[in-house]
Amino acid sequence: MGAVDEGSAPDLLAHLHGLLDRALTPDQFWSCFVRSQAPIELYGSDDDFELSSLVELRFAEYTGDHITADELLQGLADDLDREYPNWVDHHRGVA
């Protein structure tokens, strides 16, 4: 999850793909996710807000030791499959 451009919301789906591909650890992703919240609040769409909420709920379970890291990743993947059925295509630039 790179630097957030001034004046735009980060592409959360692409960043989640990096987490689910294990290119980022949950801790690395969360650190970047927290920094992206102000741009999301300022420039994000309704979908950005909804996706952000899904991520926050799953990470609350993880950081509260209610689920493991593997369960976190599986839960996020399931959430994305349910709420954003074309998320893999989105990441590849198809959708």
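The values are calculated or read from the model by the stated rules, or taken from the named source; none is laboratory data. Computed from a prediction, not measured in an experiment: that's the story for all the values here. Please note: Cβ atoms are built from the backbone with ideal geometry, for glycine as well, and neighbour counts cover all protein chains shown.
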Next item on the list: Those residues that are over 17 Å from L80 (Cβ atoms) and surrounded by fewer than 13 Cβ atoms within 10 Å (Cβ to Cβ), I need them from segment 8-30; list them, please.
Entry: S8, T25, D27
Check: List the pairs whose first member sits in segment 1-17 and is over 15 Å from G44 (Cα atoms), whose second member is surrounded by 10 or more Cβ atoms within 10 Å (Cβ to Cβ) and at pLDDT 80 or above, and whose Cβ atoms are under 6 Å apart, counting only residues at least 6 apart or on separate chains?
Finding: M1/H15; M1/C32
Item checked: Scope segment 17-50; condition outside any helix (DSSP H, G or I) and within 21 Å of L73 (Cβ to Cβ); matching residues -> D21, R22, A23, L24, T25, S36
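Which residues, taken from segment 58-74, are in a helix (DSSP H, G or I) and buried (at least 17 other Cβ atoms within 10 Å of the Cβ)?
Within segment 58-74, the first condition is being in a helix (DSSP H, G or I), and the residues that meet it are 58-63, 69-74.
Across segment 58-74, the qualifying residues are R58, F59, Y62, L72, L73.
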